[in-house]
Each structure stands twice: as structure tokens, then as C-alpha cells.
């Protein structure tokens, strides 16, 4: 992923051409959010599960043909690989995310959770100190002095936060709560991805005309509105009532994604475009990761609490109790092994528990995203500030 943006930066030196290229890049990237589930759903509908891995072979063969069309791009004075930075970054993020996930399984006050979160924060702090002191940093901290870089990176995290939550929760909601097949669920997610593609193509041009501050911050705010709409669903909500939330998230992601990427690339020196694009890609992944981990932990905690309150659970064997606690999918599998009256109670109870957790997580996600939009509005410059060479 980072190399694609580096090549775009090196190939399109004219800012007007580069903004169009980034808009198309962002649009294709956004479309992948919808096409991937549709292709995966179709494969699961008609073939065995491992077909979702085999499909990548022809994709890779086609992608390799790019070597005939893409010009080489490299930094002739690139610093040596900083293994210390890599180890610190990986270990810090792993410990932090692991702690968040475990918090959803147990509680935020559990000893192992506190230790994992603390270790993650400490290691990431050491990573920052190391990057400041070393003479060949993997991520130069001086870039963050430029608010065109920092504000756009924060926007990328916020936009990916809402998109990650969307894919994680809504796909399960469609399949496990409302009973759609993987393919049927994917078709219902596709409109949001098409909107991302269409919005991304024009958003970068809008940003170059009126500035970056408003499109990016408003886009994140719209994404927050989409999460709020999804926080109102119930187990019986129709697709037409869910669609506005999906649409708003698609508009918000598309409106902020391309301009934020353009701002990041425009704020770093051309010979260090690889670092800028790598940071951009990392922030996308980090936002998606946090959206799933943080909101997933909230959802799981509510799910477990609601499941424990079901009276039918108390009369079930231990193995059934554990499967129901593990996930809504596990609950529905267990339900099929009991008489109809007990089965229906398990299905209804687990579906309501999942939906309660999902809606609370979406509401909290809407608050987080809205706050992020206000921060971006305050710190992101209207025009890209050139890099300090």
C-alpha cells in the first residue's frame, strides 16, 4: 500500500495532476471495501470456504503485470533499516490492542488488561523517544510539527475508525441478527462503498479549491452522524432504515480520505514520500484496528452482560453456556441443538444482546468521531504547508 502512494507522488509532480491521481486512488481503495465482501460472499455461496484464499492467485498474477507500466521510484540516499524502531512499534501496538481486546472479554480493571495497556503505552513512548534521538529514524518526529501532516493523519485515523466499525458490526448484524447470507449481506454493504468511490474522486478537487480544513473535518463529522444513525437500529430494523447510516459513513469517508492523503503527501519532502505514504497507510490500519478493538470490546462487554441475564441460559449444560458466551454465531449454532422453544429463546436473546452492544458501541463511536472532527477543524490548515527540508 505505501509504495502505491510513493509512486503517485513521484510520477505526478504537477499538484493538479497529483490531486486527480490521489482522488482516483482513494476511490478505487474505497470501492474495494464493497467489492471484497461481494466477491467473498459469492465464493462462500457457491464454493468451499478456502476459495476466498485461492481467488488471490489470479489477482496477484494480474497485479504483477504492473512492472511493465510503472516507473521505478527510489530514494538514492535512503537511511538503513532501523530494526529497533520496527520492534518497538510492533510490540507497542500489539500490547495496546491486545489489552483493549482482553478488556472486552473480561473488564477494564482486570490485572492482565492493565498490565498489557501500560506496557503498550510505555513501549510506544520509548518508540517516540528513540525516533527523536536516532540519526536514522523510521518515522521522523519533525514531520509532526507540520499540522498539514499531523492533522491529516488524525483525520485518517478517525475516518478509518468509523469505516472499520461499519464493516465489523454491520456485516455481523445482517448475517447473524437478520439472517441474510454472506452474499446478501455484501450486496447491502455495497452502496456505501460506491458512494466512497464517487465522493473520493471529487473530494480532492474540492479541497484544492476551497481548502482542506472544511472537507476533511466535515467528512469526519458526517461519518459520525452515520454511526449515530446506526446506533438507533433494532433487531427488526428494515434495510431502508439502515441505509441512511451506511450512506453517511460512505460520504464522510470519501470526503475526508482523499484530501487527507493529499495533505500528508504534500507536507513531506518528495525524496521522503515513502515515509509519508507509509504513515498514511499505517494511520488507516491503526484507525480500522482501533475501531474494531475499542468498539468491539464495548460491544462484547454488553453482549456478555445481556447474555448472563437470560434465564434460559441457567438450565443449559456448561459447554452450551460457553459457546453462547463466545459469540452470537456460537449462540445460534448451539440453539439448533435444543427443542424449538428453547432454541427460539437463545436466538432471540443472543440477537438482542448483540444488537444492544452494537448500538452502544456505535453511539460511543459517533461521539469519538465527532470530537475528532472538531480537533481536525482546529489544527488542520486550510492550505497544505510545504515541508521543512
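Things to note:
- Across the chain, Cα pairs under 8 Å and at least six residues apart give a relative contact order of 27 percent.
- Distance in nm between pseudo-label sites at residue 142 and residue 115 (7 Å out along the Cβ direction from Cα): 4.1
- Computed from Cα atoms, the angle from the helix 182-210 axis to the main principal axis of the chain rounds to 30 degrees.
- Distance between the C-alpha centres of the range 1-35 and the range 288-366: 41 Å, rounded to the whole angstrom.
- MRE, 222 nm, helices only [DSSP H, n ≥ 4, -39500 (n - 2.57), over the chain, to nearest 500]: -26500 deg cm²/dmol
- Full-stretch length increase - residue 338, residue 315 - with 0.36 nm per residue and alpha-carbon distance subtracted: 7.1 nm
- Per-residue extension of 0.36 nm, minus the Cα-Cα distance of residue 35 and residue 53, leaves a gain of 5.0 nm for this segment.
- Helix axis angle, 213-230 relative to the chain longest principal axis, alpha carbon, degrees: 10
- Principal-axis tilt of helix 2-11 within the chain, Cα atoms, nearest 10 degrees: 30
- Size of the range 39-132 as Cα extents on the principal axes (Å, biggest first): 49, 48, 13
- Label-point separation, residue 345 to residue 13 (7 Å along Cα→Cβ), nm: 7.5
- Between residue 238 and residue 205, the contour length at 0.36 nm per residue exceeds the alpha carbon distance by 8.3 nm.
- For the range 81-136, the convex hull spanned by the alpha carbon atoms encloses 53 Å³ per residue.
- Reported label for calculated mean projected area of the Cα convex hull in nm² given [x] 20.6; [y] 29.8; [z] 19.0: [x]
- The range 242-343 - Kirkwood radius from inverse mean 1/r over Cα pairs (Å): 17.6
- Distance between the C-alpha centres of the range 233-266 and the range 91-117: 29 Å, rounded to the whole angstrom.
Bear in mind that the values in this text are calculations on the coordinates, not laboratory data. Being a predicted model, the structure only gives us computed values, none of them experimental. All Cβ positions, even for glycine, are placed from backbone atoms using ideal geometry, and neighbour counts span all protein chains on display.
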